[in-house]
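What follows is a set of notes on a single structure, which appears directly below.
The values are calculated or read from the model by the stated rules, or taken from the named source; none is laboratory data. Every value quoted in this text rests on a predicted model; they were computed, and no experiment measured them. Cβ placement follows ideal geometry from the backbone for every residue including glycine, while neighbour counts extend to all protein chains displayed.
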Amino acid sequence: MTTYHLPYGKAHLTFTLLDDLNVQLLAPHDAAGAADPLAAVTQALESPLGGRLLTGLWDDLGRPSSVVRRPSSVAIAINDKTRPVPHKELLPPLLARLEGLGFAPADITLLIATGTHAPMRPDEFPQVIPPDVLARYPVISHDCDDAANLI
């Protein structure tokens, strides 16, 4: 018998399997994180792959494009509590960039994308959203069972 330990959520699952089973453990390669995550996110926003942030809405000087009308609001889908995403590094530079483009905090909504998971309750929002961000921006949780709010 061989004992296996697999990451599962914020814990691990431990189980044993017979040695005569053909078992192959597949795991992702370890990858080093960015030395300065905030700088990496800022750089990605300044030079995104495939073009500019909100391509076509602003010219190279940050002025609204004459081709497309400027949107009045922005929605940002973020992962729910089931995914380990470093929102404290990702959100502040993105939100600062959007505010720099003229969007007020009240016009930027964070949408917690739960898929078919249970919606997150407002008291759970601090699990995924930094407190300073949570205090400034509207946040709603997706609810796949609320047909009136599905598009």
inquiry  = Looking at (1) within 26 Å of Y137 (Cα to Cα); (2) surrounded by 11 or more Cβ atoms within 10 Å (Cβ to Cβ); (3) at pLDDT 75 or above, which one does S72 not meet, given that it meets all the others?
reply    = (2)
ask   = Somewhere in the range 87-107, is a residue aliphatic (A, V, I, L, M), surrounded by 10 or more Cβ atoms within 10 Å (Cβ to Cβ), farther than 18 Å from I129 by Cα and at pLDDT below 90?
value = yes
query = Which one is nearest to the chain's Cα centre (by Cα), of the residues in the range 103-151 that are among the polar types (S, T, N, Q) and assigned to a helix (DSSP H, G or I)?
reply = Q127
query = Only one residue in G115, G102 is at positive phi, touching a Cys at 6+ places or on another chain (Cβ under 9 Å) and not aromatic (F, W, Y), so which one is that?
reply = G115
request  = For the range 4-43, name all the residues that are exposed (fewer than 10 other Cβ atoms within 10 Å of the Cβ), of a type in the set (G, A, S) and assigned to a loop (DSSP other than H, G, I, E, B).
outcome  = G9, A27, A31, A32, G33, A35
note = If we ask which residues in the range 114-125 are surrounded by fewer than 15 Cβ atoms within 10 Å (Cβ to Cβ) and at pLDDT 90 or above, their number turns out to be 3
